Amino acid sequence: MRKVTLIAIALLAVSSFAFAGEAQIAQGKVQAVSANAVTVAGENGEVWTFEVTEDSMVIAEGASHKSENLSAVGKKTTMDEFVRENQYVTVKYWEQDGTRYIKKLRVH
């Protein structure tokens, strides 16, 4: 568990400098997920689609182990490996030219 926490802290420190613009936060249930995007529905009925970048980070139970296992067999980690429909998530994102990009997605 300590290893996971340290990895998350290190990634947060690196990723906080990676993007320009003010970060925003959205919360809700995942409606759709693919390797490239996540769609989330908020409690007030608003629906957002977020694009995945190489710097997008996921915090989920078991994510570091799964990532290590995928790397060990030469597979690239993708968003749909860690996030499923109907999961409750908090997304920290930034918006540029009308597109929302995931900075950090936490699965609850």
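With a requirement of 1 or more residues that are charged (D, E, K, R) and more than 10 Å from the chain's Cα centre (by Cα), the strands (runs of 3 or more DSSP E) lying completely within segment 22-108 that satisfy it span 24-33, 88-96, 99-107. Among the residues making up segment 41-77, none is open to solvent by less than 40 Å² (accessible area, probe 1.4 Å), β-branched (V, I, T) and out of contact with any strand residue (DSSP E or B) (no Cβ under 8 Å at 6 or more places or on another chain).
Within segment 47-68, residues that are acidic (D, E) have Cβ atoms under 7 Å from residues that are part of a loop (DSSP other than H, G, I, E, B) in these pairs: E51/N36; D55/A18, counting only partners at least 6 apart in sequence or on another chain. Each residue in segment 79-94 was checked for being open to solvent by less than 40 Å² (accessible area, probe 1.4 Å) and not hydrophobic (A, V, I, L, M, F, W, C), and 2 of them qualify. Among the residues of segment 69-106, the ones that are touching a residue at least 40 places away in the same chain (Cβ under 8 Å) and of a type in the set (D, E, K, R) come to 9 in all.
The values are calculated or read from the model by the stated rules, or taken from the named source; none is laboratory data. This is a predicted model, so every value here is computed, not measured. Here Cβ is always computed from backbone atoms with ideal geometry, including for glycine, and neighbour counts include all displayed protein chains. Surface areas here come from the heavy atoms of the whole protein model, side chains and all, with no ligands, DNA or RNA. Shrake-Rupley method; radii C 1.70, N 1.55, O 1.52, S 1.80 Å.
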